[in-house]
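Take a look at the structure below.
The values are calculated or read from the model by the stated rules, or taken from the named source; none is laboratory data. Please read all numbers here as calculations on a predicted model, not as lab measurements. So basically every Cβ, Gly included, is an ideal-geometry build from the backbone, and we count neighbours across all protein chains shown. Accessible surface is based on the protein model in full, side chains and every heavy atom, while ligands, DNA and RNA are left aside. Shrake-Rupley method; radii C 1.70, N 1.55, O 1.52, S 1.80 Å.
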Amino acid sequence: MKMGSNRCFRPTLLSCLLICVTLWSNLSAGVFAKLYRRPNIVLILTDDLDIAIGGLVTIFCFSCADFSFSPPLLRQFVASPLCCPSRASILTGKYPHNHHVINNTLEGNCSSKAWQKSEEANTFPALLKASAGYQTFFAGKYLNQYGHSEAGGVEHVPPGWSYWIGLEKNSKYYNYTLSVNGKAQKHGADYSKDYLTDVLANMSLDFLQYKSSFSPFFMMVSTPAPHSPWTAAPQYQDSFNSTKAPRDPNFNVHGKDKHWLIRQAKTPMSNSSVQFLDDAFRKRWQTLLSVDDLVEKIVKRLEVRGELDNTYIFFTSDNGYHTGQFSLPLDKRQLYEFDIRVPLMVRGPNIKPNQTSQMLVANVDLGPTILDIAGYDVNKTQMDGMSFLPVMVRSLSWRTDILVEYEGEGSNVTDPACPLLGPGVSECFPDCVCEDSYNNTYACVRTVAPSANLQYCEFDDNQVFVEVYNVTADPYQLTNIAGSIGQDFLEKMNHRLMMLQSCSGQSCRTPGVYDPRYKFDPRQMFTGHSWRLSRLRQTMK
């Protein structure tokens, strides 16, 4: 087992803020600790951590024998494979078509004034604090445009947080600004006091040390790792020197039957692209070693304080990542398993260890599950997700499908590094291989049922390009079977997709195609979407 480095504890501004509030409560904490307490909840959110290509291998603490548990691993998918839309789905429990965050830009509603006005007051942390009596703590990356001057700057503290340490804008490891309860705190490039993952760990320990003992707590720690620029702590910069990105069957393979954006990738990749992605893969793993330290410190502090047995701990990521799959050097944004499937580990009261569940969980389910743990009635919310707490503690039936949706980015401006490509494409690196485009807009039904493990996707383009995968027979999604599958299947999946894209709240939880309760009547097809079905039929002929 890799042990954490020996770094001295430094008092932080947070400890000064907390100690004034809690000194009086510690005197009688022992008496109240004997009373029934609602569970505490910790959510550790990484940035761009995949599961399909081995990203979880570097995280050891959740299986350390020292802690006498190995938490169950669940099959979780993201509502959208991009940071800001996915994080908005985690916070709101809603699909992107309901929270309206479509990309990482302010214009795409990422941490915008419109987001703040319409959604922030109804996030699950806001409900935990206002209605369930939880003290709440946030530290790390929030939404990519948080702190933007046009969105209130770092002075804006989202509702729902008792203690707020928010990173200004996107992931960094050095030379960043934190909003500490609305006041700017600038950091430089001194490892001992500025390395962000360690700063978040120390501030989290401060919170656990000085929080009130009278009420339960929710703590969300959002690390920069393993997002670019992949800056490892000094002691880990020589780790994994011989590691390369996995050469799975879909590595450096031309996606000849896929959407045009995948087909434009160059196969085989150039040597420079392969070297670039291997270096990135290695550096990503190096940054995760500090996340391992963070997890270990938090778990040990909970254990020392006698709070571990009454605390649920969730570990997950906002989206996956690819390094060389279908000859795309590196990014996210695609509909395939490596980008939409993320780790989800949970430990807590009444959850049996050493389990791997095949249950289909989406990140829109995290908020409802955490609210359920806190005793809050999820039916009072407008959330699209549902609580998977009952399924974790006992075997129950569960839904068979979820929605994944993404709205492509691209503009009329040509990338100056790749002038021959023309306008409409973006993220064109290295070697002018583009990871996104204006019409990389799609929606998918991801289905997991006893009789099916499928993905059905439609692109919002003039072709209504369709991709269908039997993930059981083809786990690397090498073969698009849309052209060979039956028309009745296509119509049912098209209908289900349109229903999910139009759903809100309770209607998002209706039975899927492979649920025995599902009823399909072609006469009930959405008239407003009839052009899609007509185009779909023409495409399949």
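Computed values, structure above
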| item | result |
| --- | --- |
| Enumerated strands (runs of 3 or more DSSP E) restricted to segment 177-284, each holding at least 1 residues that are touching a residue at least 24 places away in the same chain (Cβ under 8 Å) and open to solvent by 30 Å² or more (accessible area, probe 1.4 Å) | 183-186 |
| Scan of segment 98-109 for residues that are among the β-branched types (V, I, T) and open to solvent by 10 Å² or more (accessible area, probe 1.4 Å), ordered by number | I102, T105 |
| Any strands (runs of 3 or more DSSP E) falling wholly within segment 286-363 and containing at least 3 residues that are touching a residue at least 40 places away in the same chain (Cβ under 8 Å) and surrounded by fewer than 20 Cβ atoms within 10 Å (Cβ to Cβ) | 356-362 |
| Qualifying positions in segment 122-147 - in a loop (DSSP other than H, G, I, E, B), more than 16 Å from S179 (Cα to Cα) and open to solvent by less than 20 Å² (accessible area, probe 1.4 Å) | T123, A132, Y134 |
| Conditions (1) closer than 21 Å to I262 by Cβ; (2) open to solvent by 60 Å² or more (accessible area, probe 1.4 Å); (3) of a type outside the set (D, E); (4) at pLDDT 95 or above; number of the one not met by V468 | (2) |
| Selection from segment 481-513 of residues that are assigned to a loop (DSSP other than H, G, I, E, B) and either in contact (Cβ under 8 Å) with a residue 24 or more places away in the chain or not assigned by the TED database to the domain that holds V464 (or both) | A482, G483, S502, C503, S504, P511, G512, V513 |
| Qualifying residue in segment 438-453 (condition: open to solvent by less than 40 Å² (accessible area, probe 1.4 Å), among the aliphatic types (A, V, I, L, M) and assigned to a loop (DSSP other than H, G, I, E, B)) | no |
| Leading residue by the ranking (most open to solvent (accessible area, probe 1.4 Å)) among those in segment 380-389 that are in contact (Cβ under 8 Å) with a residue 12 or more places away in the chain and not hydrophobic (A, V, I, L, M, F, W, C) | Q382 |
| Answer from D460, D488 - the residue that is modelled with pLDDT under 95 and surrounded by 15 or more Cβ atoms within 10 Å (Cβ to Cβ) | D460 |
| Unique residue being touching a residue at least 12 places away in the same chain (Cβ under 8 Å), in the same structural domain as I90 (by the TED database), open to solvent by less than 50 Å² (accessible area, probe 1.4 Å) and within 18 Å of A88 (Cβ to Cβ) when the list is E119, E150 | E119 |
| Residues being surrounded by 15 or more Cβ atoms within 10 Å (Cβ to Cβ) and either modelled with pLDDT of 95 or more or not in a helix (DSSP H, G or I) (or both) - total across segment 390-430 | 23 |
| Segment 336-346, residues that are among the hydrophobic types (A, V, I, L, M, F, W, C) and over 14 Å from the mean Cα position of the chain (by Cα) | V346 |
| Options R394, R399; residue that is touching a residue at least 40 places away in the same chain (Cβ under 8 Å) and either in contact with a helix residue (DSSP H, G or I) (Cβ under 7 Å, 6 or more places away or on another chain) or more than 24 Å from G486 (Cβ to Cβ) (or both) | R399 |
| Residues that are open to solvent by 30 Å² or more (accessible area, probe 1.4 Å) and of a type outside the set (K, R), drawn from segment 79-97 | H97 |
| Meets criteria (small (G, A, S), touching a Ser or Thr at 6+ places or on another chain (Cβ under 8 Å) and in a loop (DSSP other than H, G, I, E, B)) for G160 | yes |
